1. Would you please give the FRET efficiency between residue 277 and residue 29, computed as 1/(1 + (r/R0)^6) with r the Cβ-Cβ distance and R0 = 51 Å, to the nearest 0.05?
2. Can you compute the FRET efficiency between residue 438 and residue 179 using 1/(1 + (r/R0)^6), with r the Cβ-Cβ distance and R0 = 35 Å? Round to the nearest 0.05.
3. In deg cm²/dmol, rounded to 500, what helix-only [θ] at 222 nm does the chain give when every DSSP H run of at least 4 residues adds -39500 (n - 2.57) and the total is split over its residues?
4. What ranking of 103, 465, 77 emerges when the number of other C-beta atoms within 10 Å of each C-beta is taken as an exposure proxy, fewest first?
5. Once amide H atoms are placed 1.01 Å from N in the peptide plane, what residues at a sequence separation of 5 or more from residue 226, or on another chain, have their amide H within under 5 Å of its amide H?
6. Order 466-478, 116-128 from most to least packed using the mean count of other Cβ atoms within 10 Å.
7. Name the residue farthest towards the positive end of the dipole of the chain from the options 313, 208, 352, assuming +1 on Cβ of Lys and Arg, -1 on Cβ of Asp and Glu, about the Cα centre.
8. So what's the angle, to the nearest 10 degrees on a 0 to 90 scale, between helix 158-167 and the longest Cα principal axis of the chain?
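What follows is calculated from the coordinates using simple rules that are stated; it is not laboratory data. For clarity, every value in this text was computed on a predicted model and none was experimentally measured. Glycine gets a Cβ as well: all are built from the backbone with ideal geometry, and neighbour counts include every protein chain shown.
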Amino acid sequence: MNSKNQKIDAPPPTKVGGFRQTLQHDKLKFIHEIYEKGMNVPAFVFASPELYEIMKKDKTIEQIKNVTKMPGVVEAVYVMPDAHQGYGFPIGGVAAFDMEKGVVSPGGVGYDINCGVRLLTTNILKEDFMKKRKEVMTSLAKNVPSGVGTKSSLSLKQKELDVVLTRGVEWAVENGFATKEDLENIESNGCISGADSSKVSQKAKGRGMNQLGSLGAGNHFLEVQFVEEILDKKIADVFGIKKSGQIVILIHSGSRGLGHQVASDYIRAMEEKYGFKNLPDRELVCAPIKSELGKNYLSAMACAANFGFVNRQILAYRVREVFAKFFPNAKLKLVYDVAHNIAKIETHLIRGKKRKLCVHRKGATRSFGPGNKEIPKKYLKTGQPIFIPGSMGTYSYVLAGTKKAESLTFGSTAHGAGRLLSRSNAVKTISPEHLKKELDREDVILETGSLAGAVEEAPEAYKDVNDVVRVSDNLGIGKLVARLKPLGVVKG
């Protein structure tokens with residue numbers, strides 16, 4: 001039978017009422033409900049009035065409406081306060097699909113599979129770091145490969161790469177790049193189950209072969225920060241954030257060329273197998289979760305996600321090397337590592353019943369609360385750590401996961417400030433000279449191979465991260481813990 005353009009049946013629409021009742025005590029100015037004819041489920045946009053107006057200027061709202069029309073979508077589709085237009089799903093979109101009738105879509109994960117962020121705490125104070133800041137930042141830039149297509153100093157043969165893809169950070173532990181304590185403080189312990197390296201193309205493996213332990217370009221960064229203010233001392237203490245002025249390091253990177261190629265391969269395969277005739281947007285091309293192609297994508301995506309976890313682990317190892325050189329007594333501890341672009345099989349309580357779902361988070365962070373068995377034991381009383389980065393000269397924030405998020409957004413919250421200007425518009429409107437002046441004013445050292453390229457990631461190109469975290473905290477989908485301020489940034 002020719003399956004080209006075959007229709008994948010959708011379930012009947014979900015009623016809005018039950019979900020709405022859970023919101024009755026919230027400040028509704030931060031919640032924008034969309035429910036129109038043709039939508040299988042409602043969409044809920046979590047944003048301040050200002051952030052919502054920004055979203056209406058690109059295709060964010062249109063894209064989220066399209067996601068609600070996909071087969072097997074469950075309960076509602078959610079838009080985080082940092083959302084902006086993306087490929088298929090908006091970046092900042094969260095949706096869950098029924099395991100029997102639902103689909104998996106690469107556009108709901110993104111090209112940079114397991115783009116994510118991790119935070120390291122140190123026992124170094126700002127006043128001591130500032131005495132060596134320039135030397136440390138220069139050394140970090142040399143020790144951490146960054147930039148488009150940049151190769152790592154670590155080169156793997158295919159057999160060893162296959163082990164990385166299937167076992168994740170366990171490989172790094174066995175090879176001296178990670179400790180068992182690191183392993184315990186990574187989402188899913190640094191390994192997504194179901195990974196099968198045979199489902200990853202040779203082209204994808206070739207692109208990843210020499211990129212393990214490289215930062216990449218775009219919005220990826222390594223940032224040395226200090227704790228400017230602790231907002232919840234009890235939780236911060238559990239996270240290892242002890243005092244104002246404490247130096248911390250935030251690392252943001254993903255699965256590099258390997259993840260991008262996995263996405264490209266399966267988008268093409270799904271177009272050929274199922275087409276997009278019955279979808280509201282061809283960028284939402286998908287496959288039934290139960291189909292062979294759907295299962296293959298999830299296996300390949302898991303491999304790319306594992307590559308992303310190991311990539312950030314190698315980057316952390318390089319950072320530790322540099323700090324040990326300048327601060328012999330330095331202790332750099334991993335707080336947590338979270339994925340931003342991923343589809344995960346999870347169990348959630350839906351209208352009083354536990355259901356296994358395929359949850360797509362694209363530009364969104366897990367926000368699992370106290371008691372959740374999927375987070376490290378040390379965080380069972382606080383909820384998992386969440387990190388929401390700013391952009392070079394602006395604040396970053398540490399939050400904690402909540403039970404409210406688990407009941408409201410499939411355990412999800414924002415992942416960053418969110419773009420305000422496209423990269424092309426940023427280049428047109430912001431000069432390298434202006435960027436340098438702004439960073440000098442904020443007393444931030446920038447180490448980059450291209451100041452002109454870094455303009456794409458200038459603070460003005462992003463939304464107000466303070467507004468984003470205010471919405472998350474206000475709605476209870478992420479609890480504010482600490483505010484961080486940058487001192488030095490490494491970008492490709």
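1. Once the sixth-power term is evaluated, E becomes 0.80.
2. 0.40
3. Result for the chain: -9500 deg cm²/dmol, rounded to the nearest 500.
4. Arranged by neighbour count, lowest to highest, 103, 465, 77 become 465, 103, 77.
5. Under 5 Å from the amide H of residue 226 lie the amide H atoms of 248, 485, 487, each far enough along the sequence or on another chain.
6. 466-478, 116-128
7. 352
8. 70
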